[in-house]
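The values are calculated or read from the model by the stated rules, or taken from the named source; none is laboratory data. This one's a predicted model, so the numbers in the text were calculated from it and none came from an experiment. Cβ atoms come from the backbone with ideal geometry, glycine included; neighbour counts cover every protein chain shown.
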Amino acid sequence: MAAVSWLDAQVARLWRFGCHTVLPAVPRSGWLVVGLFGFGLLNLGFEREIWPHHPQADIWFGLLLCSCGLMLPWQSAATARRVSQVVVGSWQLLWQLLAWMSYAAAVLVSIPALIGFILCLMKVFR
């Protein structure tokens with residue numbers, strides 16, 4: 001019984017950290033990118049129902065998804081950097097390390113994503 005209450009307390013503590021520290025640290029542009037990504041996914045999923053007379057709709061929404069996918073790693077790195085400014089102690093070091101690793105991953109992801117974005121643009125304006 002005590003283990004369950006301990007586990008419940010840890011889950012509640014994690015939820016509080018997420019709601020009071022991580023979510024406010026997400027930049028406004030991050031929420032915009034997430035919203036546009038969801039918008040592109042929904043429109044791509046229901047392409048035949050919503051856009052039946054627009055044959056290039058899938059390409060345009062693919063471009064939207066690619067551009068949002070290009071921005072998501074940068075936004076997550078900015079969020080980790082902002083969280084590292086709020087927390088203290090060894091947690092700050094952990095979040096700073098996470099921010100630096102996220103920036104490195106964003107650079108590595110951006111190169112093939114930019115190539116894919118350019119190829120998709122070439123396909124649209126062909």
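General remarks:
- Tabulated pairs, region 12-35, first more than 29 Å from SER67 (Cβ to Cβ) and touching a residue at least 60 places away in the same chain (Cβ under 8 Å), second β-branched (Val, Ile, Thr) and surrounded by 15 or more Cβ atoms within 10 Å (Cβ to Cβ), C-beta under 8 angstrom, 6+ apart or interchain: none
- Flag for LEU7 being farther than 21 Å from ALA105 by Cα and of a type outside the set (Ser, Thr, Tyr): yes
- Residue within region 98-110 that is surrounded by 14 or more Cβ atoms within 10 Å (Cβ to Cβ) and over 30 Å from ARG16 (Cβ atoms) present: yes
Table: residues versus (1) within 21 Å of LEU114 (Cβ to Cβ); (2) surrounded by 11 or more Cβ atoms within 10 Å (Cβ to Cβ).
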residue	(1), (2)
LEU7	no, no
GLN10	no, no
TRP31	no, yes
PHE61	yes, yes
MET71	yes, yes
GLN75	yes, yes
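- Restricting ALA9, ALA3, ALA57, ALA25 to those that are of a type in the set (Gly, Ala, Ser) and modelled with pLDDT of 90 or more reduces the list to ALA25.
- Evaluation of VAL86 against (1) in contact (Cβ under 8 Å) with a residue 60 or more places away in the chain; (2) buried (at least 16 other Cβ atoms within 10 Å of the Cβ); (3) more than 24 Å from LEU42 (Cβ to Cβ) (one fails), failing number: (2)
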